[in-house]
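J.: Quick one: the structure is below, and I'll ask about it shortly.
Every number in this text was worked out from the coordinates using simple rules, so none of it is lab data. Computed from a predicted structure; not experimentally measured. Note that each Cβ is placed from the backbone with ideal geometry, even for glycine, and that neighbours are counted across all protein chains shown.
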Amino acid sequence: MSKEVTRWLMATREVESKFLRELKAKRPLKFDVTENKRIQLEAQVSGFTDDAATRKGFPVYSGFVKYFPLAMGAVAKLSAEGNEQHNPGQPLHWDRSKSGDEKDAMMRHIIDGDWVHVAWRAMANLEKELEDGQS
């Protein structure tokens, strides 16, 4: 494994650990209503609950991060590049008003063989479907 991938994995683990500590501490989170709904949905889907047995059934690191570290890094890089393209100078965020055609865009990227963009669009579509209770 390259040094860059190792550093990225270590940073990812650190962020994941901090996030889990915050959840376990049950600190009040300051988000708008939409963000609160998103957090609640993430908890339902991702297994971030107080029940240890349930959490173990959702191995975020060993069942996702560890499986796809290079792909995750490529998609994260694309997110940053897309943010700079669509929201120059703004902090990294997903401006959903500028990305509503995930399935059509994903198919165009499949035709072009642009798999990083396909992965981003697939994750965007899945996120929205999970939020809407469709998956």
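J.: Could you compute the FRET efficiency for residue 99 and residue 58, with r as their C-beta to C-beta distance and R0 at 30 Å, rounded to 0.05?
T.: Once rounded, the FRET efficiency stands at 0.70.
J.: Compute the signed sum of charges (Lys and Arg +1, Asp and Glu -1) over the other residues within less than 13 Å, Cβ to Cβ, of residue 85.
T.: Here the count lands on -1.
J.: Under 5 Å between amide hydrogens, which residues at least 5 positions from residue 66 or on another chain qualify, with H placed 1.01 Å from N in the peptide plane?
T.: none
J.: Further question on the same structure: Net charge within 12 Å of residue 108 by Cβ-Cβ distance, Lys/Arg positive one each and Asp/Glu negative one each, not counting residue 108 itself?
T.: Residues near residue 108 contribute -3 overall.
J.: Order 86-95, 109-118 from most to least packed using the mean count of other Cβ atoms within 10 Å.
T.: 109-118, 86-95
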